[in-house]
Every structure is written in structure tokens, then in C-alpha cells.
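Visitor: Mind looking over this structure? Questions follow.
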Amino acid sequence: MTSLRQLEYLVAVADLKHFGKAAASVNISQPTLSQQIKTLENRLAVKLVERNETPVNLTPIGREIAKRAREIIVQVDDIASFAKRSKDGLSGTIRFGVTPTLGPYLMPPIVAELHKKYPDMRLHIREGIPDVQIDELRRGQLDMLLSPFPVSHDGVEIEALFRESLHIVAAPDHILCSIDDLEISDLKGKGFLSLEKSHHLHRQTRAICDQLGAILLEDYEGTSLDSLQQMVGSGLGLAILPRLYLDSETSGSDMITRLEIKGWSAHRSIAAIWRSGAAYADSYQLISDMIKKRSYAIL
């Protein structure tokens, strides 16, 4: 009979594409992992892994079985979490993913309030790229995610939380800062900086540049909002930054100026996301409600 552990081994190989790394991730030796995968292939009477390839790839049927195995593993973990939750109530550690363009500027007071009200509930906060973290959520590596959307809806619950305004910023001596009544047409042909392509904000900046007839300066991508505003402050170009960052103490407001443009506004929408049917769904809803309440107070 196929075992859950064998399915975990197959998923590890699918994720890491390397027998040695996969074996280390599940705490067994590489020969044992290889033998268990071979045993699984014999029991299923199909070839799952293309051996003698670097990186290791799964066969088409292997990829499909690994996908279904991952869903089974996540469901088993949810069963265990549900049983534990029935005994412990609002407690335990929640693996919480958040985009670095939002988390540091929104979460600190929320974390403090949560700890005060629910001292047995803990947040393991991991910053990351939303596109990556949504996959980690589906794989069971994260429990909850705070992210800009839209995101794909497959297998997840999405709770819309708030809309955050976006602002165009420039160095104080930029030519646009000398124009009293800025209009959208004044931005045509101007150069905009953005974050790396993996960030949701990069895609949104590109779309806004297309609308404005502006130019996205792809040779100068920032690695963080701080690096982006510093490049703007040095005169390298304009940028689009979210309000929570601009209102924070770390935004470097003395080196950049927000431009007021007649007839123009933009925002990004933020949502909380968790797996459909998750055992801790009511905890995730509680955190979502707290974030929504906090956002109404400050935005």
C-alpha cells in the first residue's frame, strides 16, 4: 500500500529537483529516498522520476501524482491542526506571509494588539514575494497571507481588507515640482523607477506608466521601497509609492516630494488569503478583521 511518507518523498523531489536536497529536507539518507521512490513506482506501476537528469525532473504522470499528493499532505496537516485547535482554542503558531512593501508599515501595532488579547497565539511572520507565497500557502508552508490582489482563486479564501492610495514622488528639485498645477499630460515621457519584476508593485507601476505615456526605467530596479525612494531622492527618476510607506517614519520624506496631479489617482487593493477549509479559519478571520479595523483608522 502507498504510504503518506512515500508521497512526502515524491513531493520533496518535485519541489527541490535534487535527490540529495530532497533527502535532507525529509531527514533521511539519499539511498533511502531513492529506494522509497522506486518502491512507490513499483506499487503504482508507473515511472515517476526521470533519473540521470540534472536537475531531476518528474515524468508527466509523476507531476500529476505529486500535485495530488501535495493536496493530500496539506489536508492531513489540516486534520491534525483541527484536532489540536479543538483542545487549545485561540493558540498556536500561525505562519504568516506578507509582502515587504506592506508588512513593516502596517503590522507592528496589529501584532502588539493580537499578543495582548491572545497571548497564546503567535505569528511567525515571513516577508516574501506574493506570487511565491501564494504557492507556499497552497503547499501548506504558510497558513495565512497578506497580499495585494488580484490573485488566483484556486483552493483559497480571499478576504478583501482595504484599498491603499499610491502616490507619485520626485526629488524636490525635479522640474515637475516647479509646476503649480500639474496635469496628467505633464508626466508623458517622464522616467519612472520601480521594484524588481517579481513584485506586484512593479506590474502595477508598468500599467500606470502605460496609462500616463511615461517610461519605465527597467535598468534601475529597486530591491526595496527604501532603495527606491533613495534613488528618487538622488534624481534618478520618479516612482510610485504606497501611502503607508510614505506615512511611516522610515520613508525619507525630506528627500522626496509627493506630486499632486489634477485628475489622477491610483490605489492598490489588499487582501487576506488562506486555504479553503483551513482548521484555523476563524483565527485568520479574526486577524483579518483586526487589520481591516486598523486600516480604517489610519487610511
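Visitor: In the range 172-181, is there at least one residue being buried (at least 20 other Cβ atoms within 10 Å of the Cβ) and out of contact with any Pro (no Cβ under 8 Å at 6 or more places or on another chain)?
Guide: We begin by selecting, within the range 172-181, every residue buried (at least 20 other Cβ atoms within 10 Å of the Cβ); these are none.
Within the range 172-181, not a single residue is buried (at least 20 other Cβ atoms within 10 Å of the Cβ) and out of contact with any Pro (no Cβ under 8 Å at 6 or more places or on another chain).
Visitor: Of the residues 224, 234, 194, only one is farther than 20 Å from residue 125 by Cα and under 19 Å from the mean Cα position of the chain (by Cα); which?
Guide: Numbers: 224 fails: farther than 20 Å from residue 125 by Cα; 234 fails: under 19 Å from the mean Cα position of the chain (by Cα).
From the options 224, 234, 194, the qualifying one is 194.
Visitor: Out of (1) open to solvent by 70 Å² or more (accessible area, probe 1.4 Å); (2) over 15 Å from residue 270 (Cα atoms), the odd one out for residue 153 is which?
Guide: Result: residue 153 passes all but (2).
Let's see how each residue does on (1) open to solvent by 70 Å² or more (accessible area, probe 1.4 Å); (2) among the charged types (D, E, K, R); (3) in a helix (DSSP H, G or I):
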| site | (1), (2), (3) |
| --- | --- |
| 7 | no, no, yes |
| 10 | no, no, yes |
| 13 | no, no, yes |
| 21 | yes, yes, yes |
| 31 | yes, no, yes |
| 39 | no, no, yes |
| 43 | yes, yes, yes |
| 47 | yes, yes, no |
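Visitor: I need the full set of residues from the range 114-132 which are modelled with pLDDT of 90 or more and acidic (Asp, Glu), in order please.
Guide: Hit for the range 114-132 is 127, nothing else.
Visitor: Would you point out the residue of the range 109-132, among those that are within 18 Å of the chain's Cα centre (by Cα) and open to solvent by 60 Å² or more (accessible area, probe 1.4 Å), that is farthest from residue 270 (Cα to Cα)?
Guide: Among them, the one singled out is 124.
Visitor: For residue 248, work out the one condition from (1) surrounded by 17 or more Cβ atoms within 10 Å (Cβ to Cβ); (2) hydroxyl-bearing (Ser, Thr, Tyr); (3) more than 12 Å from residue 166 (Cβ to Cβ) it doesn't fulfil.
Guide: Evaluating residue 248 over (1) surrounded by 17 or more Cβ atoms within 10 Å (Cβ to Cβ); (2) hydroxyl-bearing (Ser, Thr, Tyr); (3) more than 12 Å from residue 166 (Cβ to Cβ) leaves (1) as the failure.
Visitor: Report yes if residue 240 is open to solvent by less than 60 Å² (accessible area, probe 1.4 Å) and part of a strand (DSSP E or B), otherwise no. Write out each step before concluding.
Guide: Details: open to solvent by less than 60 Å² (accessible area, probe 1.4 Å): yes; part of a strand (DSSP E or B): yes.
It is true that residue 240 is open to solvent by less than 60 Å² (accessible area, probe 1.4 Å) and part of a strand (DSSP E or B).
Visitor: Can you go through 75, 35 and tell me which one is open to solvent by 10 Å² or more (accessible area, probe 1.4 Å), at pLDDT below 85 and out of contact with any Lys or Arg (no Cβ under 6 Å at 6 or more places or on another chain)?
Guide: Values: 35 fails: at pLDDT below 85.
The unique qualifying residue is 75.
The values are calculated or read from the model by the stated rules, or taken from the named source; none is laboratory data. These numbers come from a predicted model, not from an experiment. Every residue, glycine as well, gets a Cβ built from its backbone with ideal geometry; the counts of neighbours run over all protein chains shown. Heavy atoms of the whole protein, side chains included, go into the accessibility calculation; ligands, DNA and RNA do not. Shrake-Rupley method; radii C 1.70, N 1.55, O 1.52, S 1.80 Å.
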